[in-house]
Amino acid sequence: MTTTVETVVIESATADDRTEAFFRALGLQERVRVRPGAPGSGFRGFTVSLVLDQPSSVDATVAAALAAGGTEVKPVSRSLWGYGGTVAAPDGTVVTVASAQKKDTGPATSEIQQLVVQLAVDDVATSTAFYAERGVGTGRRFGRRYAELDTAPVAVTLNRRAALAKAAGVPAEGDGAPGVVLQAGTDPFTDPDGVVWEPVTR
């Protein structure tokens with residue numbers, strides 16, 4: 001069953017206009033909002049990930065992120081799976097920008113093919129079962145390592161914390177509330193790792 005996630009809310013103790021401007025520069029003003037939240041330190045247990053069409057689009061988007069006050073975390077580069085890098089928003093939110101393609105096929109575009117919130121969880125199987133009990137369907141799964149939830153237009157994945165931090169290029173250590181709220185077509189609840197789900201607000 002698909003549970004539609006419409007909006008991602010970033011909660012931060014340092015939430016301000018700079019962070020909102022950062023996400024606007026990425027073209028996410030319709031999907032990402034920023035509001036004050038509890039303080040935390042280090043890796044908050046999630047990343048916001050943008051999937052783009054080709055390397056030149058990744059370069060252009062990362063450049064826009066840095067110009068809007070972002071900080072480079074992991075330089076863009078080619079890898080076995082494609083091309084991408086990591087930046088941090090002014091409030092510290094980790095944002096990965098990537099393409100599965102390794103070569104350009106045309107001019108760079110600003111079109112986001114997919115917006116993904118990757119959640120770090122203590123146990124992927126336990127979290128998957130928790131979501132299933134609340135009517136949130138599951139797409140691809142890889143044992144206890146990874147699962148995709150059925151939540152379009154915003155995709156949500158469940159990942160081991162160490163693996164997610166390594167892929168983003170940040171240390172896995174951190175404390176405090178996750179700092180991300182998912183607004184969806186569902187009743188409110190909080191998952192086993194502290195991620196809050198709220199009804200969609202217009």
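Each reported figure results from applying straightforward, stated rules to the coordinates on display, with no laboratory input. The structure displayed is predicted, hence computed values, not measured ones. For neighbour counting, all protein chains shown are included, and Cβ atoms are generated from backbone atoms with ideal geometry for every residue, glycine included.
Let me have the relative contact order for the chain, percent, based on Cα pairs under 8 Å that are six or more residues apart. Walk me through the intermediate numbers first.
On the way: 496 pairs, mean separation 56.4, N = 202.
Over the chain, the number comes to 28 percent.
Please compute P(r) over all alpha-carbon pairs of the range 5-199, binned at 5 Å starting from zero, and give each bin as a whole-number percent.
Calculated over all Cα pairs of the range 5-199, the distribution is 1, 8, 17, 21, 22, 17, 10, 4, 1 percent.
Would you mind ranking S127, S99 so that the residue whose beta carbon has the fewest other beta carbons within 10 Å leads the list? All intermediate terms of the calculation are to be shown ahead of the outcome.
Working: S127 20, S99 24.
Starting with the residue having the fewest Cβ neighbours, the order is S127, S99.
With the Cα gyration tensor of the range 1-77 giving a ≥ b ≥ c as the square roots of its eigenvalues, does the rule (a/c under 1.5 for rounded; else a/b larger than b/c for prolate; else oblate) give rounded, prolate or oblate?
Details: a/c = 1.61, a/b = 1.20, b/c = 1.34.
Here the range 1-77 falls in the oblate category.
Which aspartates and glutamates does K103 reach when only Cα atoms under 16 Å apart count, and residues fewer than 8 places away in its own chain are ignored?
Straight-distance partners of K103: D53, D59.
For the range 74-152, what does the alpha-carbon gyration tensor say about shape, rounded, prolate or oblate, given a ≥ b ≥ c as the root eigenvalues, a/c under 1.5 as rounded, and a/b over b/c as prolate?
Working: a/c = 2.13, a/b = 1.83, b/c = 1.17.
Prolate shape, in that a/c is at least 1.5 and a/b is the bigger ratio.
Return the calculated 222 nm mean residue ellipticity for the chain, to the nearest 500 deg cm²/dmol, obtained by summing -39500 (n - 2.57) across DSSP H runs with n ≥ 4 and dividing by the residue count.
-6000 deg cm²/dmol
Would you order T186, T126 from fewest to most other beta-carbon atoms within 10 Å of each residue's own beta-carbon?
Details: T186 19, T126 15.
So the ranking, lowest neighbour count to highest, is T126, T186.
Distance in nm between label sites at E72 and D123, each 7 Å beyond Cα in the beta-carbon direction?
So the two model labels end up 4.2 nm from each other.
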